[in-house]
1. Restricting to the range 17-52, name every residue that is among the hydrophobic types (A, V, I, L, M, F, W, C), farther than 21 Å from K81 by Cα and more than 12 Å from the chain's Cα centre (by Cα).
2. Among the helices (runs of 4 or more DSSP H) confined wholly to the chain, which include 2 or more residues that are surrounded by 10 or more Cβ atoms within 10 Å (Cβ to Cβ) and among the basic types (K, R)?
Amino acid sequence: MSQTTITLYTRKSCPLCDKAKDSLLELKEEWNFHLEEIDIETSDELTERYGLMIPVVLIDGQEAGYGFVNKFDIRNRLHEKKAIL
């Protein structure tokens, strides 16, 4: 069984991104996952794709939330993923 990867697309000076990261770090204390943070401003393609949506959270490549990221929604998605395994 491979470890879950949560990808957080962010940009600098983004208060919602900071809140999303804090929520994910809190979840990391109870869940075993790898957190990958990507600044969309490092790529024109990412800026075009996610510019109006950030922060964006993906769980193993599947969108799990954007904008105001709800920690409880992410926790539920992790529970669902664990139940499938």
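1. Those that are among the hydrophobic types (A, V, I, L, M, F, W, C), farther than 21 Å from K81 by Cα and more than 12 Å from the chain's Cα centre (by Cα): I40, L46, L52.
2. On the way: elements: 15-28, 44-50, 71-84.
Of the helices (runs of 4 or more DSSP H) lying wholly inside the chain, those with at least 2 residues that are surrounded by 10 or more Cβ atoms within 10 Å (Cβ to Cβ) and among the basic types (K, R) span 15-28, 71-84.
Here is a yes/no grid of residues against (1) touching a strand residue (DSSP E or B) at 6+ places or on another chain (Cβ under 8 Å); (2) on the phi > 0 side of the Ramachandran plot:
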position	(1), (2)
T7	yes, no
K12	yes, no
K21	yes, no
L25	yes, no
N32	yes, no
S43	no, no
M53	yes, no
D60	yes, yes
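Just so you know, all these numbers are worked out from the coordinates, no wet-lab data involved. As the structure is a computational prediction, the values presented were derived from the model and not from experiment. Reconstructed Cβ throughout: ideal geometry from the backbone, glycine too, with neighbour counts over all protein chains shown.
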